[in-house]
Amino acid sequence: MSASIPGNRDLPVSQYDLSTYWGRVRHAADISDPRTLFVSSAGLEQAKQLISLYKQNKVADMNADLWRAKKVVDSTLHPDTGEAVLLPFRMSCYVLSNLVVTAGMLTPGLGTAGTLLWQIGNQSLNVAINNANANKSTPLSTFEIAKSYLMAVSASCSVALGLNALVPRLKSVSPNTRLILSRLVPFAAVASASALNVFLMRGEEIRRGIDVYSVLSDEERAKREQSGDDAAPLESLGKSKKAATLAVGETAISRVLNATPIMVLPPLILVRLEKTQWLRARPRMVLPLNLGLILGTSLFALPLALAAFPQRQAIHAATLEEEFHGRGGYEGMVEFNRGM
């Protein structure tokens, strides 16, 4: 993100009010904008140079070009490492990366083998995305990643296969209700496994804690800019397990919030459309319709889910471990990177 670019002057965090939900939605829409994927490495370097000029006081005020540069940098670089997130696993590629596996999981009439393959594919993608966008102050080892991956795959496959076997046995419900329930099986599997996946992939953060930092007042930020200290990163107050639990829990909730409309609305709409004479006469249109419904829902749902909680979370120091009590910055607050 732009904070990783050196300079003795901070950029505004966003052009939107991040204290409000709709401000965070608009900010999340920028970060997850697929158009930023088309920015070349030269374009990224140009954006970084423009931001550097501002942070070195060579550009007086934020303008349209600077906001575009910040959008490119924030959607490309990891906030902890300052390095580019691998393209398929960026939030700006999330909708496109998930489109194929989501369409596969929501394909009507999947057998056991198809269900297993698509659930494995989905959890493999989730592991990669969660690892690429996690808080990097407490990294996972390769063994821990592999163990978490296997547990997440086992959970999603177990839920999917178990519900697929259970739904046909529900004799007390109508055939139409059984059809709808069968189409919602992937949602139950994905929602439960997505939340579990986040906790497994980021469990080390909860066990060891993540870095927390003092929140600076406007006056303190101005002093850092004037003294040139702003070029150096803030010193961590230490690692907090409570902050990590909050960060991981909120991320898990946001994953479920994102999966809910994507895995529920398209199959329900498709069930209704399959009963129309138009689609019955054109069975080849089922797949493109399914893809279109998933893509449209995904583009709409992702910013709403990402905005549920701030990425840079600020909480009162008194809510953390005793070692942080009385060590908060402005109004006793500390902050940390929640991850995405």
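Would you indicate which of [x] 19.6, 60; [y] 22.3, 74; [z] 20.2, 64 is the value of Rg and Dmax of the Cα atoms in Å derived from the coordinates of this structure?
[y]
Which one of S52, Y94, H78 is farthest out on the positive end of the charge dipole of the stretch 1-129, using unit charges on Cβ (Lys, Arg +1; Asp, Glu -1) and the Cα centre as origin?
It is S52, whose Cα lies furthest towards the positive end.
Report the residue, chosen from K55, K275, K147, that carries the largest GNM mean-square fluctuation when the chain is represented by alpha-carbon nodes joined by springs under 10 Å.
Sorting by GNM fluctuation, first place goes to K275.
Assuming a ≥ b ≥ c are the square roots of the Cα gyration tensor eigenvalues, decide whether the stretch 8-101 counts as rounded (a/c under 1.5), prolate (otherwise, with a/b larger than b/c) or oblate.
Working: a/c = 2.19, a/b = 1.38, b/c = 1.58.
Taking the square roots of the gyration eigenvalues as a ≥ b ≥ c, the stretch 8-101 is oblate.
Looking at the chain as a GNM with Cα springs under 10 Å, which of D30, D218, D74 has the largest mean-square fluctuation?
D218
Magnitude of the Cβ-charge dipole of the chain, K/R +1 and D/E -1, about the Cα centre, nearest 20 debye? Numbers along the way, then the final one.
On the way: 35 positive and 28 negative charges, 382 e Å.
I would put it at about 1840 debye.
My understanding is that a pair violates if its Cα-Cα distance is over 25 Å; which of K55/K223; K147/K241; K48/K241 do that in this structure?
Numbers: K55/K223 14 Å; K147/K241 21 Å; K48/K241 33 Å.
From K55/K223; K147/K241; K48/K241, over 25 Å: K48/K241.
Tell me the carbon and sulfur percent of the accessible area for the chain, rounded to whole percent, probe radius 1.4 Å.
Details: 10180 of 16540 Å².
Solvent-exposed carbon and sulfur of the chain make up 62 percent of the total.
Can you tell me which of A42, A307, A191 moves the most in a GNM of the chain? Springs connect C-alpha atoms under 10 Å apart.
Largest GNM mean-square fluctuation: A42.
Hey, what did the chain get for relative contact order, percent, Cα under 8 Å, at least 6 apart?
Details: 500 pairs, mean separation 71.3, N = 340.
Once divided by the residue count of the chain, the mean separation gives 21 percent.
Within the chain, which complete DSSP H helices have Cα atoms spanning at least 20 Å along the helix axis and a mean Kyte-Doolittle hydropathy of 0.0 or higher?
Numbers: long enough: 41-55 (21 Å, -0.14); 112-133 (32 Å, 0.07); 142-166 (36 Å, 1.11); 175-201 (39 Å, 1.12); 241-273 (48 Å, 0.97); 286-306 (29 Å, 1.92).
In the chain, the long hydrophobic H runs are 112-133, 142-166, 175-201, 241-273, 286-306.
In square angstrom, what is the accessible area per residue of the stretch 1-83 with a 1.4 angstrom probe?
Details: 4380 Å² over 83 residues.
Counting only protein heavy atoms, the per-residue value for the stretch 1-83 is 53 Å².
Under a 1.4 Å probe, what is the accessible area of the stretch 84-337 per residue, stated in Å²? Don't jump to the answer; show the numbers that get you there.
Values: 12130 Å² over 254 residues.
About 48 Å² of surface per residue is accessible.
In sequence order, what are the phi-derived ³J(HN,Hα) couplings for the stretch 313-323 according to the Karplus relation 6.51 cos²θ - 1.76 cosθ + 1.60 with θ = phi - 60°, rounded to whole Hz, with x for glycine and proline?
8, 10, 9, 6, 4, 5, 7, 9, 4, 4, 5
The values are calculated or read from the model by the stated rules, or taken from the named source; none is laboratory data. The structure presented is a predicted model; accordingly, all values stated were derived computationally and were not measured. Note: ideal-geometry Cβ built from the backbone for every residue, glycine included; neighbour counts use all protein chains shown. Just so you know, the surface numbers come from the protein's heavy atoms only, side chains and all, with ligands and any DNA or RNA stripped out. Shrake-Rupley method; radii C 1.70, N 1.55, O 1.52, S 1.80 Å.
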